[in-house]
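Written below as structure tokens is the structure these notes are about.
A short reminder: the numbers here are calculations on the coordinates, not readings from a lab. Nothing here was measured: the structure is a model prediction, and the numbers come from that model. Here Cβ is always computed from backbone atoms with ideal geometry, including for glycine, and neighbour counts include all displayed protein chains.
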Amino acid sequence: MVSFDAVALPTCEPNFRPQATTEQILAWISSPPMRALVEEYGDALPSADVGELLEWLDAFSDRHWDFRKRGNVERDQVTAPTFEPARAALVLAAATALRLVEPVDPPRAAYDHLLVLGGLGRACLQRTEYAARLVRDGVVSVGEVAALGSFRPLTEPETTLPGLADGRFEMDAMDVGARHAFGLTEPARDESSEGAVTHRSWRVRTYRPADGPPVQVLAAPSSEPELRRANTPDTYDFWARRSRLRPSDRILVVTSPIYVPFQHSDAIRMLAARYGCGIDTVGFDPAQATVPLAPDATNPDRYLQEIRSGILSMQRLHRALAGSLAA
């Protein structure tokens, strides 16, 4: 059975200094599992500097691993191709080494901020449940919790999930998950933009439970409202602009294992590079989730899609850091 040694993601300590990040990105994108995947799809990873290699991998993964663009659909709406067993085994081994498969415990016992990332309705419930368990079981102590979402409309299948029958948007799913997982009642404060919901709209509900850290549930506006809804970087940015981040702060990001590389890299770009804070990113443990994974959530195409997402996120991070170092 094929296997690879685990490949580290870029590290991000408080008082963030980007000098080592370029080499850490290069180590991930030029690692043996990445080379094996490229060879499996009929090419060889070229010798190039990190910026050129990221551009090459962007184009390569666009041709071979971007299954969403073929229907311009959400992740759960992709029609999966058929994979031969040997290719499927290689993809799983590579994704495991690249940190998209196995959940890991938070590496520290205390954080100033815990960010729970939004997504499809199922993920909103899974991630808030896991985050609350970390706090309740004393795995981590945190100063505050923020559940980051958007006004993406829920699909009909999402509204069949527990508690989401009356939900309209991703933020509603995050709010249901946070209320249930953290034992919240009514918000102490509920702020929002005015008028009908558009890509410019936002909302923040703040809960202050008698027992436990304060919890916010946010729907962020898009930074490109004429083109699209809010994405993960937009939610990081919206939350950060409403917070008082210090270079000494530590942030724990909770997502799904498959999204750790790209959402960790986006967090470094949007939070550490701007505010200097330290960041750890972990995926929830599916074995502990009350709401199970979707049946096709771990198909080979999903791993390849999110390896591409990691490449693109590291490309954005590299460009941002190159610009800041040159300034």
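Points to keep in mind about this one:
- Ranking of Thr290, Thr82, Thr22 by neighbouring Cβ atoms within 10 Å, starting from the fewest: Thr82, Thr290, Thr22.
- FRET E, pair Glu55, Asn15, Förster distance 30 Å, beta-carbon r, rounded to 0.05: 0.45
- Computed lengthening from Arg189 to Ala86, 0.36 nm per intervening residue step minus Cα-Cα distance: 31.7 nm
- Nearest-ten-degree value, helix 300-326 long axis tilted from longest Cα axis of the chain: 80 degrees
- One Cα centroid belongs to the stretch 224-280, the other to the stretch 80-103; the line between them spans 27 Å.
- Excluding exposed DSSP-loop GluC sites (Glu not before Pro) (at most 16 other C-beta within 10 Å), longest clean stretch of the chain: 75-193
- Between the helical axis of 50-64 and the longest alpha-carbon principal axis of the chain there is an angle of about 90 degrees.
- Base-10 log of normalised Debye intensity for the chain (one unit scatterer per alpha-carbon) at q = 0.10, 0.14 Å⁻¹: -0.56, -1.15
- DSSP beta bridges in the stretch 110-295 [antiparallel fraction, %, rounded to 5]: 30 percent
- Taking all pairs of distinct alpha-carbon atoms in the stretch 110-295, Kirkwood radius in angstrom: 16.3 Å
- Full-stretch length increase - His180, Ala322 - with 0.36 nm per residue and alpha-carbon distance subtracted: 46.9 nm
- Residues of the stretch 77-119 with amide N under 14 Å of the 7 Å Cα→Cβ point at Glu39: 90-91, 94
- For the stretch 282-327, convex hull of alpha carbons as volume per residue, Å³: 83 Å³
- DSSP beta bridges in the chain [antiparallel fraction, %, rounded to 5]: 30 percent
- Using all pairs of distinct alpha-carbon atoms, the Kirkwood hydrodynamic radius of the stretch 212-266 works out to 13.0 angstrom.
- Helix axis angle, 121-136 relative to the chain longest principal axis, alpha carbon, degrees: 70 degrees
- Mean separation of Cα pairs under 8 Å and 6 or more residues apart, divided by the residue count, gives the chain a relative contact order of 24 percent.
- When shorter helices are ignored and each DSSP H run of at least 4 residues is given -39500 (n - 2.57), the per-residue value for the chain at 222 nm works out to -11500 deg cm²/dmol.
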